[in-house]
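Novice: One structure is given below, represented as structure tokens, and several questions about it will come after.
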Amino acid sequence: MVYYAFTGLAITAGYHRLWSHRSFNATKPLQYYLAILGAGGFMGSIKWWSQGHRAHHRYTDTDLDPYNARRGLFWSHMGWMMVKLPGKLAFVDMSDLTRNEVVMWQHRNFIPLAMFMAFAVPTIVPWLLWDDPLGGFTYAGLIRLCLLHHATFCVNSLAHYLGEASYDEKHTPRDHYFTALLTGGEGNHNFHHQFPMDYRNAIRWYQYDPTKILIRLFELLGLASHLKVFPDNEIRKGQLTVELKRLRKIQEAVNWPPESEDLPVISWASFVEQSSTRSLVLIAGFIHDVTDFLDDHPGGRKLLLSYTGKDATAAFFGGVYDHSNAAHNLLAMKRVGVLLGGQPNGLDERRVPPSQRLRIVTFDGREEFEHNEKPE
């Protein structure tokens, strides 16, 4: 388990956050440490691994994405390694890594380095300490590699299927605590795809991200510097945008009262005349038909009938009773007309029921552009 953690964190902190995303700077000794331990994960060289990962971020969910989650869960988990697709890997800029002394040293010597770190070390150490080379080779070598590989594969598979899109819904990456546990903190994947240069994958104290803690420890020890953090204001914007989209779906499933422009304009005389056949009350310039509510009115049928054919605005807005938000919302649904010349000022909050004061509206800039560009 110790060697699993060491090699796994070398992948997440080194291969992933340092070299693939340049989310912090590392001293030369730390780079060699991460490169050597990362080779023990037997996942290819830093250069090869980072090239695929950068392509994954640049071309997410397209045919140019080597781990394209839209091809299915098995493909994104390990199928992409079993089938060689025609053509070369899509272009990504690798110039920074080809100039990196440590990266190119590891790339040139990867096979012997990986064999030594992945199999020789976990065999020799238990042999010298406990006289158990076979156990070391089996558990710290083979089984560790199997578990470590599948944990890493889960970042490309489960992290694109399981959980919530907390910051953006455009692509498949998702945030989930279970995936974070499996992958050494890489499970807050929607956050990571939105803010890939951030050295963190988790920004809340309760979110699991040991890699973030390790990088922070490296900084405290003077081994890492320039830890990159995306502006908190922009992170909160992403969260708000997704939440507003969710609320808009709820809003669209709700029935709303008619607006004044959709209602007939009725004179005072007509309002009084029609009130003789049904219970109509005038409140804030709107005429409401409350006939079907007479027997359900908490204040009693008699009170409501006493305002039939009259202006009940003052009484409704606290003169008799300070009505609840629910009462205001229900009343608005009973609008049947607008009194001629009786509408209050357009900014008067009495015209808008509480449920609509924070209503989500969309803005189509193209419509405004087309309107402004029309010739006079």
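The values are calculated or read from the model by the stated rules, or taken from the named source; none is laboratory data. Computed from a prediction, not measured in an experiment: that's the story for all the values here. Here Cβ is always computed from backbone atoms with ideal geometry, including for glycine, and neighbour counts include all displayed protein chains.
Novice: Within the group Gly136, Gly163, Gly184, which residue is assigned by TED's automatic domain parsing to the domain that holds Met81, small (Gly, Ala, Ser) and in contact (Cβ under 8 Å) with a residue 60 or more places away in the chain?
Specialist: After applying the criteria, what remains is Gly184.
Novice: Run Phe74 past the list (1) under 36 Å from the mean Cα position of the chain (by Cα); (2) farther than 22 Å from Arg54 by Cβ; (3) surrounded by 12 or more Cβ atoms within 10 Å (Cβ to Cβ) and report the number of the one that doesn't hold.
Specialist: Unmet for Phe74, out of (1) under 36 Å from the mean Cα position of the chain (by Cα); (2) farther than 22 Å from Arg54 by Cβ; (3) surrounded by 12 or more Cβ atoms within 10 Å (Cβ to Cβ): (3).
Novice: Which residue is surrounded by the fewest Cβ atoms within 10 Å (Cβ to Cβ), if the candidates are limited to segment 297-338 and must be under 25 Å from Ala269 (Cα atoms) and touching a helix residue (DSSP H, G or I) at 6+ places or on another chain (Cβ under 6 Å)?
Specialist: The residue in question is Arg301.
Novice: Give the residues of segment 264-296 that are surrounded by fewer than 14 Cβ atoms within 10 Å (Cβ to Cβ), acidic (Asp, Glu) and within 21 Å of Gly341 (Cβ to Cβ), sorted by residue number.
Specialist: Of everything in segment 264-296, just one residue is surrounded by fewer than 14 Cβ atoms within 10 Å (Cβ to Cβ), acidic (Asp, Glu) and within 21 Å of Gly341 (Cβ to Cβ), namely Glu273.
Novice: Then there's this: Taking the options Gln239, Gln251, Gln194, name whichever one is outside the structural domain of Tyr15 (by TED's automatic domain parsing) and touching a residue at least 40 places away in the same chain (Cβ under 8 Å).
Specialist: Testing whether each residue is outside the structural domain of Tyr15 (by TED's automatic domain parsing) and touching a residue at least 40 places away in the same chain (Cβ under 8 Å) leaves just Gln251.
Okay, residues lined up against (1) touching a Pro at 6+ places or on another chain (Cβ under 7 Å); (2) of a type outside the set (A, V, I, L, M):
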residue: Thr123; (1), (2): yes, yes
residue: Asp132; (1), (2): yes, yes
residue: Phe137; (1), (2): yes, yes
residue: Leu147; (1), (2): no, no
residue: Asp168; (1), (2): no, yes
residue: Leu181; (1), (2): no, no
residue: Asn188; (1), (2): no, yes
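Novice: So which residues in segment 339-367 are surrounded by 15 or more Cβ atoms within 10 Å (Cβ to Cβ) and at pLDDT below 70?
Specialist: Within segment 339-367, Gln343, Arg350, Arg351 qualify.
Novice: Also: Can you run down the residue pairs with Cβ atoms below 8 Å, 6 or more apart or on separate chains, where the first is in segment 312-323 and in the same structural domain as Phe286 (by TED's automatic domain parsing) and farther than 10 Å from Ala284 by Cβ and the partner is at pLDDT 85 or above and surrounded by 13 or more Cβ atoms within 10 Å (Cβ to Cβ)?
Specialist: Ala315/Tyr307; Val320/Leu303; Tyr321/Ala315; His323/Phe316; His323/Phe317; His323/Leu331
Novice: Need the failing condition index for Val92 against (1) of a type outside the set (Asp, Glu); (2) surrounded by 15 or more Cβ atoms within 10 Å (Cβ to Cβ); (3) assigned to a helix (DSSP H, G or I), just the number.
Specialist: Condition not satisfied by Val92: (3).
Novice: Also, quick follow-up: I'd like the full set of residues that are of a type in the set (A, V, I, L, M) and in contact with a helix residue (DSSP H, G or I) (Cβ under 6 Å, 6 or more places away or on another chain), limited to segment 1-29.
Specialist: Result: Leu9, Ala10, Ile11, Ala13, Ala26.
Novice: Let me ask you something else. Would you pick out the residues in segment 224-239 that are more than 13 Å from the chain's Cα centre (by Cα) and either part of a helix (DSSP H, G or I) or farther than 29 Å from Gln31 by Cα (or both)?
Specialist: Asp232, Asn233
Novice: Right, another one. Here are some residues: Phe317, Phe286. Which one is within 23 Å of Leu263 (Cα to Cα) and at pLDDT below 90?
Specialist: Within the list Phe317, Phe286, the selection yields Phe317.
Novice: As an exercise: evaluate Ile124 against (1) assigned to a loop (DSSP other than H, G, I, E, B); (2) surrounded by fewer than 18 Cβ atoms within 10 Å (Cβ to Cβ) and give the number of the one condition it does not meet.
Specialist: Of everything listed in (1) assigned to a loop (DSSP other than H, G, I, E, B); (2) surrounded by fewer than 18 Cβ atoms within 10 Å (Cβ to Cβ), Ile124 misses just condition (1).
Novice: For Pro112, are the conditions met, namely being of a type outside the set (D, E, K, R), within 22 Å of Leu30 (Cα to Cα) and free of Cβ contacts under 8 Å to residues at least 12 places away in the same chain?
Specialist: Here the answer is yes, as Pro112 does meet what is asked.
Per-residue answers, yes or no, for (1) touching a residue at least 24 places away in the same chain (Cβ under 8 Å); (2) under 15 Å from Asn100 (Cβ atoms):
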position: Met1; (1), (2): no, no
position: Tyr4; (1), (2): yes, no
position: Ser20; (1), (2): yes, yes
position: Thr27; (1), (2): yes, yes
position: Tyr33; (1), (2): no, yes
position: Gly38; (1), (2): yes, yes
position: Ile46; (1), (2): yes, yes
position: Trp49; (1), (2): yes, yes
